[in-house]
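The values are calculated or read from the model by the stated rules, or taken from the named source; none is laboratory data. Model, not experiment: these values are computed from the prediction. Cβ atoms come from the backbone with ideal geometry, glycine included; neighbour counts cover every protein chain shown.
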Amino acid sequence: MSAARVPPAEAMRGTVPATGGGGLLARLERSVPAAGRLPAGAWLVLRGPTRQFRRTLYTMAGVVLALVLILVSWGMLDSSQATVARQFDQIQRQDAELTLGRPLDDAMLRKLSGTDGVRAAEPSAHVPATITAGDQGYSTTVVGLPAGTRMHRFLTPGGGERDLPEHGALIGAALRDRLGVGTGDRIGLRLGDGRTVTTTVAGFVDEPLGTYAYAALGQVAAWAPDAEPDTVLVQFDAGADRAAVERALAAQPGVVAYTDAHALKKTMDEYMNLFYVFVAVMLAFGGLLAFTVLFATLSVNLAERGTELATLRASGVGRRRLGRLVTAENLLVVAAGAVPGLILGRLATGAFLGAFNSDLMSFHTEIRPATFAWSALAVLAVAWLAQRPGLRGLARMDLGALVRERAG
């Protein structure tokens with residue numbers, strides 16, 4: 001349709017400025033005298049994208065699509081790694097968890113705390129419960145911790161951190177919408193013995209793995225007097241021999257299981273390896289699709305400008321210099337398209353990760369600054385490679401036939 005609207009005389013002349021000297025660069029040249037001293041090659045590079053702005057927009061659209069394909073895959077890889085680090089490095093601060101086979105008393109806690117290589121030890125209780133609000137319910141575990149715990153950080157959905165309250169419960173952020181509750185609302189806790197106790201939602205926590213409820217040990221004891229601390233969370237001294245501390249703790253009377261937090265994180269990383277492979281395959285195919293999109297876009301651009309570029313060759317512009325000018329112009333357009341491409345790629349990554357979120361696992365979109373930089377450089381490199389076949393075709397153009405065609 002756009003070709004049908006081109007006047008025949010203009011079509012026979014080839015590509016010519018359509019602004020009559022009133023374009024952006026022309027106005028810039030008139031208003032900024034220093035701009036007139038730019039080399040002719042620089043003006044050629046700058047004028048090319050503005051003379052056929054629709055073609056420039058098509059090229060930028062291809063760049064945006066290419067960046068979205070690359071950044072979604074790379075962003076998922078960054079975000080999944082950040083999710084594991086958030087859970088095991090920022091939220092869970094213990095080095096090990098001891099499961100007990102008998103009720104914990106003060107003497108046993110002191111003995112565990114006094115083990116060589118142990119810096120601190122804290123009791124923890126776990127009570128299965130169903131959180132209810134109206135006719136909605138969610139089965140989970142109420143985790144009891146000391147009010148001033150150092151073993152667990154409570155990160156809020158807004159990105160902050162808060163302490164464990166003396167009264168009420170902190171619940172997973174996924175329950176805000178699932179149960180339709182907010183901070184300060186009353187909820188029920190249906191315990192294993194059939195009793196239901198009521199409490200207040202003291203706030204929400206944002207954790208990648210699981211949706212739990214957290215309360216102070218005293219509050220848990222008030223709800224379920226028979227619930228005794230069944231685990232002990234320990235932190236090691238800096239530089240402690242982890243293997244030796246593990247043997248010493250596992251040999252303590254009453255300890256029936258030892259869980260190393262580092263080993264648990266390693267297991268989680270191994271579990272995520274399949275996901276990483278899936279993302280790596282997506283990244284590879286995304287790169288190939290990006291090359292295909294840019295190759296098609298830039299090849300069409302060079303084909304449309306073939307007469308113009310060949311005329312410059314016939315006018316005495318060297319092949320290498322013309323290639324550098326075309327490359328600079330293409331990379332300029334690609335760089336301009338990279339800005340919206342990075343923004344849309346970030347938004348697309350968040351939308352894609354949101355499709356994986358559930359009450360059992362949730363992802364935060366966390367893309368490293370280096371990923372944005374490398375993605376933009378990757379698209380520039382892909383664009384440089386994608387234009388090479390077109391430039392080689394331009395170099396093989398029959399200038400004699402072109403001159404005869406223009407003269408005849």
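Numbers below:
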quantity	calculated
Subset of segment 58-78 (residues that are among the small types (G, A, S) and in contact with a Leu (Cβ under 6 Å, 6 or more places away or on another chain))	G62, A66, S73
Matching residues, segment 93-125, being among the basic types (K, R) and either within 37 Å of the chain's Cα centre (by Cα) or part of a helix (DSSP H, G or I) (or both)	R93, R110, K111, R119
Scan of segment 146-157 for residues that are in a loop (DSSP other than H, G, I, E, B) and aliphatic (A, V, I, L, M), ordered by number	A147, M151
Residues (touching a residue at least 24 places away in the same chain (Cβ under 8 Å), out of contact with any strand residue (DSSP E or B) (no Cβ under 7 Å at 6 or more places or on another chain) and not in a loop (DSSP other than H, G, I, E, B)) located in segment 223-257	A244, A248
Residue among A257, A351, A314 that alone is surrounded by fewer than 16 Cβ atoms within 10 Å (Cβ to Cβ) and at pLDDT below 85	A314
Qualifying residue in segment 184-197 (condition: within 30 Å of A243 (Cα to Cα), in the same structural domain as D226 (by TED's automatic domain parsing) and within 35 Å of the chain's Cα centre (by Cα))	no
Selection from segment 164-192 of residues that are more than 18 Å from H364 (Cβ to Cβ) and loosely packed, with under 14 Cβ neighbours inside 10 Å	E166, H167, G180, G182, T183, G184, D185, R186, G192
Output for segment 158-217, where each listed residue is in a loop (DSSP other than H, G, I, E, B) and over 30 Å from F356 (Cβ atoms)	D163, P165, E166, H167, G168, G184, G192, D193, G194, R195
Test for P128: is it in the same structural domain as Q219 (by TED's automatic domain parsing), over 27 Å from R242 (Cβ atoms) and not β-branched (V, I, T)	yes
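Residue by residue, here is whether (1) under 22 Å from R93 (Cα atoms); (2) of a type in the set (G, A, S); (3) not assigned by TED's automatic domain parsing to the domain that holds I171 holds:
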position	(1), (2), (3)
A213	yes, yes, no
A221	no, yes, no
P225	no, no, no
L274	no, no, yes
G287	no, yes, yes
L294	no, no, yes
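For every residue, the table says whether it meets (1) within 29 Å of D106 (Cα to Cα); (2) modelled with pLDDT under 95; (3) more than 33 Å from the chain's Cα centre (by Cα).
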site: A133; (1), (2), (3): no, yes, yes
site: G180; (1), (2), (3): no, yes, no
site: P208; (1), (2), (3): no, yes, no
site: Y214; (1), (2), (3): yes, no, no
